[in-house]
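Q: Please see the structure below; I have some questions.
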Amino acid sequence: MGALKYSRQRESIKEFLAGRKDHPTADVVYMNIRKSYPNISLGTVYRNLSLLESLGEVQKLSCGDGAERFDPNTSPHYHFICRNCGCVQDIPLVPVGELEAMASERFEGFIEGHTAMFYGICCQCRKDGE
Ligand code: ZN
Ligand code: MN
């Protein structure tokens, strides 16, 4: 594989994501990167995000709400989505290996991993609702 051309735009997307815990969508990344690169297109942001994902530098999450979200934390972990505000937060729990063993016993193929999305009401929405 040839060396990937260094891209300042890709680097700044990576830097932007690095400080985030809120799993931003490509749109949110785009809005922010545009502040430094006013001519960048949403398509370029998408392409760079996909590239970063295939390089294993970011994790892509499908949250069931249509939009893909991006996570700088590439280690396996679970997520929570608030059904009120739609925020996506980390659940600090190492994926349960037992679950994979149980699934493997009931499945002919080869299971390589799993993800889980918990849902309910986030802490902030819970407070606001009181
Ligand atoms: Zn919420
Ligand atoms: Mn996460």
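Q: Output the residue which, of all residues in the stretch 47-65 that are closer than 19 Å to Ile121 by Cα and either polar (S, T, N, Q) or surrounded by fewer than 16 Cβ atoms within 10 Å (Cβ to Cβ) (or both), is modelled with the highest pLDDT.
A: Looking at the filtered set, the residue picked out is Ser62.
Q: Let me ask something else. Looking only at the stretch 71-118, count how many residues are in contact (Cβ under 8 Å) with a residue 40 or more places away in the chain and either more than 16 Å from ligand 2 (Cβ to nearest atom) or farther than 23 Å from Leu17 by Cβ (or both).
A: Qualifying residue count, the stretch 71-118: 2.
Q: Of everything in the stretch 105-119, what is within 16 Å of ligand 1 (Cβ to nearest atom) and of a type outside the set (Ser, Thr, Tyr)? Give them in sequence order. Give the derivation first.
A: As a first pass, look at the stretch 105-119 and keep what is within 16 Å of ligand 1 (Cβ to nearest atom): 117-119.
If the condition is that a residue be within 16 Å of ligand 1 (Cβ to nearest atom) and of a type outside the set (Ser, Thr, Tyr), then Met117, Phe118 are the ones that fit.
Q: For the stretch 71-104, give me each residue that is closer than 26 Å to Glu57 by Cβ, within 16 Å of ligand 1 (Cβ to nearest atom) and either in a strand (DSSP E or B) or basic (Lys, Arg) (or both).
A: His79, Phe80, Ile81, Val88, Gln89, Asp90, Ile91
Q: Against the condition in a loop (DSSP other than H, G, I, E, B) and away from ligand 2 (no atom under 11 Å from the Cβ), how does Gly66 come out, does it pass? I'd like the intermediate steps shown before the answer.
A: Working: in a loop (DSSP other than H, G, I, E, B): yes; away from ligand 2 (no atom under 11 Å from the Cβ): yes.
Yes; evaluated as a whole, the condition is true for this residue.
Q: Considering only residues that are over 22 Å from Gly86 (Cα atoms), in contact (Cβ under 8 Å) with a residue 12 or more places away in the chain and in a loop (DSSP other than H, G, I, E, B), which ones fall in the stretch 22-63?
A: Those that are over 22 Å from Gly86 (Cα atoms), in contact (Cβ under 8 Å) with a residue 12 or more places away in the chain and in a loop (DSSP other than H, G, I, E, B): Tyr37, Ile40, Leu55, Gly56, Glu57.
The values are calculated or read from the model by the stated rules, or taken from the named source; none is laboratory data. The structure displayed is predicted, hence computed values, not measured ones. Ideal geometry is used to build each Cβ from the backbone, glycine not excepted, and the neighbour counts take in all protein chains shown.
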